[in-house]
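Reviewing the structure listed below.
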Amino acid sequence: MTVEEETSLLDELSSQGVLAGFFRILWQKNVGKAVHTLTGVSIPHTIVYRHRKPMAWYFLSKDGSIKKKNKKRLVCSEIEEALRKNSRSQCGVCAVYISPSATAESGMQCTFVRTAELRQFLLDTPEKSGVLQVAEKNK
């Protein structure tokens, strides 16, 4: 990767937020002038929020590639259905909301969302930006 391509990636991460930018880069087919196919990476359903609104939804397709859902699919009912359907957690948690935090030592805060609370959480998503991921069973 050239210095220009690295700078471009860093600029993208900074402008979108590290979490949102990270998933966008995983999904992208073109980075600078290079075309790549990412293999061997597994991600859970991941919805990127910006100021309370879902902005992007990334997922792993059956062929193992990372895909992005159409913006028309970024509605609470479809997000709720997918999170409930794809959750593999055995403790009642169906999703994890990861967001920046000024008070946490890591700079990030995780909110665990139980299946029974999912609809209310989606309707009252925190004002800050973040990433909502389906909870998967630990391997």
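Of all residues in region 94-117, those satisfying the criterion of being within 17 Å of residue 44 (Cβ to Cβ) and either out of contact with any helix residue (DSSP H, G or I) (no Cβ under 9 Å at 6 or more places or on another chain) or of a type outside the set (Gly, Ala, Ser) (or both) are 94, 96, 97, 98, 108, 110, 111, 112, 113, 114, 115. Within region 111-134, which residues are at pLDDT 85 or above and either within 20 Å of residue 59 (Cα to Cα) or β-branched (Val, Ile, Thr) (or both)? Selection gives 111, 112, 113, 115, 118, 122, 130, 131, 132, 133, 134.
Residue pairs whose Cβ atoms lie under 7 Å apart, separated by 6 or more positions or on different chains, with the first residue in region 113-139 and under 13 Å from residue 53 (Cβ atoms) and the second at pLDDT 90 or above and among the acidic types (Asp, Glu), are 122/80. In region 101-123, of all residues being part of a strand (DSSP E or B) and open to solvent by 30 Å² or more (accessible area, probe 1.4 Å), the one that is nearest to residue 82 (Cα to Cα) corresponds to 114. Within 15 Å of the chain's Cα centre (by Cα), over 19 Å from residue 87 (Cβ atoms) and modelled with pLDDT of 65 or more - does that describe any residue in region 2-17? Scanning region 2-17 turns up no residue that is within 15 Å of the chain's Cα centre (by Cα), over 19 Å from residue 87 (Cβ atoms) and modelled with pLDDT of 65 or more.
From the list 43, 98, the lone residue that is β-branched (Val, Ile, Thr), assigned to a loop (DSSP other than H, G, I, E, B) and in contact (Cβ under 8 Å) with a residue 12 or more places away in the chain is 43. The set of residues from region 35-79 being open to solvent by less than 20 Å² (accessible area, probe 1.4 Å) and under 17 Å from residue 120 (Cα atoms) comprises 47, 49, 79.
The values are calculated or read from the model by the stated rules, or taken from the named source; none is laboratory data. As the structure is a computational prediction, the values presented were derived from the model and not from experiment. Note that we place each Cβ from the backbone using ideal geometry, even for glycine, and neighbour counts take in every protein chain shown. Ligands, DNA and RNA are stripped out before the accessible areas are found, and what is left, the full protein with its side chains, is counted by its heavy atoms. Shrake-Rupley method; radii C 1.70, N 1.55, O 1.52, S 1.80 Å.
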